[in-house]
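Encoded as structure tokens, the structure appears first; notes follow it.
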Amino acid sequence: MTEALLTLISTALINNLVLHWPLGVDPLLASERRQVHALGIATTCLMLITGTFGYALYHWLLVPLDLTALRLFVFLPLSVLLIGPLLKVLSKAFSTMSFEGLWPLLLGNAGVLGVALLNVQDNRGVFHAAALSLGAGLGFWLVLSLFNDLRQRTLDNDVPLPFRGLPIDLISVGLIAVAFLGFSGLIKT
């Protein structure tokens with residue numbers, strides 16, 4: 001249980017998929033202010049479900065049939081087919097949030113597929129896979145919220161013309177990544 005908790009915290013803060021590995025940067029830069037938390041919830045749930053089911057399918061179906069080379073062809077349709085039903089369930093569960101228009105952002109999120117591939121690379125069990133997936137989703141949501149706040153602060157300030165738009169966004173993500181480097185000594189294994 002302690003190892004799963006350390007994996008969750010480590011994945012969310014230290015080995016963040018968006019900042020440590022550039023997975024999931026495209027939805028980060030394309031997100032709108034009003035849908036930040038809806039995208040964070042949807043991505044966290046999708047990463048958790050895809051990562052856990054992907055691990056189970058890999059170890060209980062592909063490994064016994066000796067079809068491990070087809071893992072990408074199993075994980076990709078799994079993540080794509082889960083987006084529609086997940087958004088319907090989340091829109092009913094969180095009726096005050098708007099989940100409309102998130103389908104392309106979830107479809108293009110390489111972090112979801114990356115979590116499924118990382119889970120099968122580390123053969124530590126289903127609980128570890130679930131903790132890694134949940135930590136990756138929560139880390140994505142945290143970075144998305146921080147980046148949105150920083151983006152709003154730069155919109156309110158006078159930014160020089162060559163830095164407006166994407167350049168200041170990339171500089172902001174770089175500064176957040178440097179700030180997250182401070183967590184690197186938090187957990188020693």
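Computed from the coordinates by the stated procedures, all read-outs in this text should not be read as laboratory data. These figures come from a predicted structure and were not determined experimentally. Using ideal geometry, Cβ is built from the backbone for each residue, glycine included, and neighbour counts are taken over all protein chains shown.
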Compare the Cα positions of Ser172, Trp21, Ala129 along the charge dipole of the stretch 2-183 (+1 at Cβ of Lys, Arg; -1 at Cβ of Asp, Glu; about the Cα centre) and return the one farthest towards the positive end.
Ala129
Within a 10 angstrom radius of the beta carbon, how do Leu82, Leu144, Leu5 rank from fewest other beta carbons to most?
Leu5, Leu82, Leu144
Output the relative contact order of the chain, whole-number percent, from Cα pairs under 8 angstrom with separation of 6+ residues.
41 percent
Measure of compaction for the stretch 2-183 (Cα Rg per 2.2 N^0.38 Å):
1.07
Remind me, relative contact order of the stretch 1-89 in percent, using alpha carbon pairs under 8 angstrom and six or more residues apart?
22 percent
Using only Cα atoms, tell me the angle between helix 126-156 and the longest principal axis of the chain; keep it within 0 to 90° and round to the nearest 10.
10 degrees
Cβ charges +1 (Lys, Arg) and -1 (Asp, Glu), total dipole of the chain, debye:
180 debye
